[in-house]
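Colleague: Pasting in a structure now, in C-alpha cells, and then I'll have a few things to ask.
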Amino acid sequence: MEKRIKCYVGTNSLRNSKGIYVLEVNIQTGELEIVSFAEADNSAYLYISKKRNCLYAVMESLEYQGLAGGGVAAYRIEGERLTFLNSRYAYGGWPCHLSADEERDTILVSVFRNGLLLLYDLEADGRIGKEKLIQRHLDPNGTASHIHAAILTPDQRYLAVADCGLDRIYFYDADTYRKAFEWEGPAGCGPRQLTFSPDGKYLYMVSELSCQVFVFRYQPDCDEMIAVRQKISTKREDGYEGLNFASAIHFHPSGKYLLTGNRGHNSIAIYTVDSGSGLISLQGHTMLAGDHCREFCFTEDGSMLIVGIQHTDIVQTFFFDADKGSLTWSGKEIAIPSPSCVVIE
C-alpha cells in the first residue's frame, strides 16, 4: 500500500509563486503532487504546531500593509487545505525564521534586517495574539544585528538566539526574558541556525559565512552555558573556490546523523554523530542538480529527505540509507517557484 504524507512549501514571491504549496509525497517512490496552495506574500519560513493543528509563516518582506517591515501569519490545517486565520506586523524587515514555545503559548519570530526577536501570544484557536516582547540587539561599535533564528532549549528553560550580524548566540530566560548568557563567536562567522541533540546535551550551530558547524556542550547550570567542543567545515574538499553560504541544519530522526546545506557549492553535507561525546565526523556530500538549497526536511521515519532548491525552482526527494548514511535521488521532482522552506506535519 502506498504511503503518502503532506509536505508544505514556503516560497518567496518570485516567478509567479502562488504562496504556500501543499504537496502529497509518496515516501515509497518519492513522487510529489501539488494538491492545493494558500496565497501568501514571501512565505519564506514555516512552522507547524501539532498542538493547534496550525501552520505559521513569516512574510519575509520590507512592506506589510503599508508599513515598513514584514509580517507573520497563521493558517488552520484542514485536510489538504490551509485556511487563513490572521496575521501580525513583524516591525522589522525580512523576518526569516520562526519557532514556538508551545507550553507557554508563544511564537518566536526572528527578524534579519533590523535585528529583532519578536514574541507573540498564541490564542487557543491558533490565531496570533498581541506581541509580548520586542528585543533588539545593539552593538556599541555600530555593527548591524541580523537575528537569524531563535529556538526553545530542550529543557524549556531558555530561548537560544543566533545573531548572524553580531556573531553571537544569546540565551534568554524563557519566563522572564532576561538575558542569561552571551557567546561571542569568531568575527565574520555568521551564526545562522541552531539545533540540539535529541538528548539535549549538545547544541549545534551552522555558520552561514564561515561555512562551519560548531558543536557546543550545553551546560545550563554553569556560568559558561555553552562551550565549543568542535568546529568542522560544511564544504567539500574538491577544490571548489567559489562563493558558498551554509544554510539549514537538521538531525536525522535517529539522532545518528546531522545534515547541513551549502549554497554556492550546492551540496548537502552528511555527518555521523557520536552519541557519547556529541562530536561529528564528515560522512560525505551529496551534490544537488540545482542552485541554492535553502531548506530541507526529513520524513518522520527518516527514510526520505525533501529538498527545496530555491534558485532552480524545484523540490526534490532523496532516499536516505540509515545504515550507510547516504542520500540517493529518487528521480522525482516538482516545479515550484523559489522554494525557501519545506516542512511536514
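The values are calculated or read from the model by the stated rules, or taken from the named source; none is laboratory data. Computed from a prediction, not measured in an experiment: that's the story for all the values here. Every residue, glycine among them, receives a Cβ derived from its backbone with ideal geometry; neighbour counts consider all protein chains shown. To get the accessible areas, we keep the full protein, side chains included, count just its heavy atoms, and leave off ligands, DNA and RNA. Shrake-Rupley method; radii C 1.70, N 1.55, O 1.52, S 1.80 Å.
Colleague: Of the residues L46, L119, L133, which exhibits the maximal mean-square fluctuation in a Gaussian network model of the chain defined by a 10 Å Cα contact cut-off?
Modeller: L133
Colleague: Given the whole protein assembly as supplied and a 1.4 Å probe, what does the accessible area of E78 come to in Å², nearest 10?
Modeller: 100
Colleague: Sticking with this structure for a sec: Can you work out the accessible area per residue across region 23-73, with the rest of the protein chains kept in place, probe 1.4 Å, in square angstrom?
Modeller: I get 40 Å² per residue for region 23-73.
Colleague: Using the heavy atoms of the protein chains and a 1.4 angstrom probe, tell me the accessible area per residue for region 204-345 in square angstrom. All intermediate terms of the calculation are to be shown ahead of the outcome.
Modeller: Values: 5610 Å² over 142 residues.
Ligands and nucleic acids excluded, the figure is 40 Å² per residue.
Colleague: Considering only C-alpha atoms, what is the centroid distance from region 172-233 to region 25-68, in Å?
Modeller: Comparing the Cα centres of region 172-233 and region 25-68, I get a distance of 27 Å.
Colleague: Using a Förster distance of 45 angstrom, determine the FRET efficiency expected from the C-beta separation of A124 and L14, and round it to 0.05.
Modeller: FRET efficiency, A124 to L14: 0.80.
Colleague: In debye to the nearest 20, how big a dipole does region 84-231 give about its Cα centre with +1 on each Lys and Arg Cβ and -1 on each Asp and Glu Cβ?
Modeller: 400
Colleague: Further, regarding this structure: For an R0 of 51 angstrom, estimate the FRET efficiency from the Cβ-Cβ distance between Y240 and I34 and round to the nearest 0.05.
Modeller: Calculated transfer efficiency: 0.90.
Colleague: Under the 0.36 nm per residue contour assumption, what length would be gained going from the current alpha-carbon distance of L279 and E182 to full extension?
Modeller: 32.7 nm
Colleague: Over region 142-245, with every protein chain in place, what whole percent of the accessible area is carbon and sulfur at 1.4 Å, could you tell me? Spell out each step's value before the answer.
Modeller: Working: 1950 of 4530 Å².
Here carbon and sulfur together make up 43 percent of the probe-accessible area.
Colleague: From largest to smallest, what semi-axes in whole angstrom does the chain give when each is the square root of 5 times an eigenvalue of its alpha carbon gyration tensor?
Modeller: Working through the eigenvalues yields semi-axes of 27, 26, 19 Å.
Colleague: What distance in nm lies between label points placed 7 Å from Cα along the C-beta direction at N86 and D173?
Modeller: That separation, rounded to one decimal, is 2.9 nm.
Colleague: Does region 9-68 come out rounded, prolate or oblate, given a ≥ b ≥ c as the square roots of the eigenvalues of its C-alpha gyration tensor, rounded meaning a/c under 1.5 and, failing that, prolate meaning a/b above b/c? Intermediate values should be presented prior to the final figure.
Modeller: Values: a/c = 2.97, a/b = 1.60, b/c = 1.85.
Verdict is oblate for region 9-68.
Colleague: On to the next question. When you count, for each residue, the other Cβ atoms within 10 Å and take the mean per peptide, how do 251-257, 308-314, 136-142 rank with the highest first?
Modeller: Top of the packing list down: 308-314, 251-257, 136-142.
Colleague: Rounding to the nearest 20 debye, state how big the charge dipole of the chain is about its Cα centre with +1 on each Lys and Arg Cβ and -1 on each Asp and Glu Cβ.
Modeller: For this selection, approximately 180 debye.
Colleague: Right, another one. Between H148, G69, G284, whose Cα lies farthest towards the positive end of the dipole of the chain when Lys and Arg beta carbons carry +1 and Asp and Glu beta carbons carry -1, centred on the Cα centre?
Modeller: Result: G69.
Colleague: If I compute solvent accessible area with a 1.4 Å probe over the protein chains, what percent of it on region 28-80 is carbon and sulfur?
Modeller: 46
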